[in-house]
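Please read the structure below before turning to the comments.
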Amino acid sequence: MESNTLKPRDYLKIFAVMFKIGLFTFGGGLAMLPQMSAEFAGRNKWMDEEELIDIFAVSQSLPGVIAVNAAMLVGYRRGGFKAAMTAALGSTLPSFLVLIFVTAGYQAFITNPYVAGAMVGIRAAVAGTLAATVFKLGKSTLKSAWSWGLFAVALGLTFLTLNVVWIIIGAALAGLGRYFTGKRHGIS
């Protein structure tokens, strides 16, 4: 952790990156993941893809909004508690400001045909960026038959509408079982 070396401009950078992500992503927390990946592991080199995948997994497993959880974990990784709070504020402030604006003119906004048309396009773009991120992160995560098998089981259970909490708990238990079994038998 770099908490002792962060300067005010570093906090401003964390805030600005999170604000930009929060301002330009539509479709909820999962829709932020492609931009987070591009900013954190790509443009700013704050972490590698594998660490980012771990942060996304933990963020999904914790209560609360995945985007805020991920922002706070990345902020904490960059500079401790203050950076985590800076990241959380940066990621939530755009939504807060947009909600104030939309709430003031809700009736005109919700019935506007231009807004409805834009939302159709935005939903399609969100689905595409999510699929691209899943593919990209999958390439760096799914490196063994075991991980592919677990992925297939989790995907199948998701389509059977099993609550995602049970899927995550089951996958964590399977991973722990594999870890302890592998250690006992000399498998890594």
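Nothing in this text is a laboratory measurement; each read-out follows from the coordinates by a stated rule. Because the structure is a prediction, the values reported are computed rather than measured. Ideal geometry is used to build each Cβ from the backbone, glycine not excepted, and the neighbour counts take in all protein chains shown.
Of the helices (runs of 4 or more DSSP H) lying entirely inside the stretch 94-188, those containing at least 1 residues that are closer than 19 Å to SER61 by Cα span 113-141, 145-159, 164-184. So is LEU97 closer than 17 Å to MET32 by Cα and without any contact (Cβ under 8 Å) to a residue 12 or more places away in the chain or not? No. The set of residues from the stretch 143-167 being of a type in the set (Phe, Trp, Tyr), more than 17 Å from THR181 (Cβ to Cβ) and surrounded by 13 or more Cβ atoms within 10 Å (Cβ to Cβ) comprises TRP148, PHE151. Between TYR76, TYR106, the distinction of being of a type in the set (Phe, Trp, Tyr), buried (at least 17 other Cβ atoms within 10 Å of the Cβ) and on the phi < 0 side of the Ramachandran plot belongs to TYR76 only. Residues that are assigned to a helix (DSSP H, G or I), within 9 Å of the chain's Cα centre (by Cα) and under 18 Å from LEU137 (Cα atoms) do occur in the stretch 44-54.
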